[in-house]
Amino acid sequence: MPISRRVLAIGGALALACGVLAWWLWPGGGGLVEETLALQTRLLSGDVGGRDLRTGVRQVVRNVDRMDRAGVRRVQNALAERCRELQRVGIEEYFTADKAAREELLDRDIARLVIAGELWFASNPQSSGQPPRRRPPKPPAGKPAEPSPDLKMFDSYRTALEARAAKTGVKVPVWLLRPPRA
């Protein structure tokens, strides 16, 4: 093979390698964000478990590492909104179900909460692996107001969820549970 063909072949291989490397390191666009959002939704559905769940969480980490700040923020906000929605639906189902079905619903919600915790850490590139510190709520000025019925339901649900998690030996990221918005 003549030298000019070798140089051309080496140059072509280097250009191809640079192109693949640039594609891999380039901040993710909207496609990567949409893929991650769909993956998070699928993982939170509860239909994925075991090896597929671990692979999915690792894929979220890889995707988030390739995104720009706006994409990461969008993924985090979508995860928070999806978790609030699942919590709201879980509370409604829990209180409308008969007593026999409540443990099964709590088990489902515990599994979702554990997955949500993993996804929370996966979508936070600066995470230390520790849950976020919550600021203590500001005490209301004057006489405290009577808790709303939604807040009472949330407290009952949270107590039942924590008791069921303790009974089954599952460590639940209760810091993800949020009282309903006023």
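Mind checking which residues of segment 149-178 are among the aromatic types (Phe, Trp, Tyr) and within 19 Å of GLU93 (Cβ to Cβ)? Break it down into steps so the answer makes sense when it comes.
As a first pass, look at segment 149-178 and keep what is among the aromatic types (Phe, Trp, Tyr): 154, 157, 175.
Across segment 149-178, the qualifying residues are PHE154, TYR157.
Which residue pairs have Cβ atoms under 6 Å apart, sit 6 or more places apart or on different chains, and have a first residue in segment 145-173 that is within 19 Å of THR96 (Cα to Cα) and a second that is of a type in the set (S, T, N, Q) and surrounded by 12 or more Cβ atoms within 10 Å (Cβ to Cβ)?
No pair meets every condition.
As an exercise: evaluate ARG69 against (1) of a type in the set (Lys, Arg); (2) in contact (Cβ under 8 Å) with a residue 24 or more places away in the chain; (3) surrounded by fewer than 17 Cβ atoms within 10 Å (Cβ to Cβ) and give the number of the one condition it does not meet.
(2)
So which helices (runs of 4 or more DSSP H) stay within segment 36-148 end to end and still have 2 or more residues that are over 16 Å from the mean Cα position of the chain (by Cα) and at pLDDT 90 or above? Write out each step before concluding.
Details: elements: 50-66, 69-96, 99-122.
Per the criteria, 69-96, 99-122.
The values are calculated or read from the model by the stated rules, or taken from the named source; none is laboratory data. Predicted model, so just to flag it, every value in this text is computed and none were measured. FYI the Cβ positions are ideal-geometry reconstructions off the backbone, even for glycines, and counts take in every protein chain you see.
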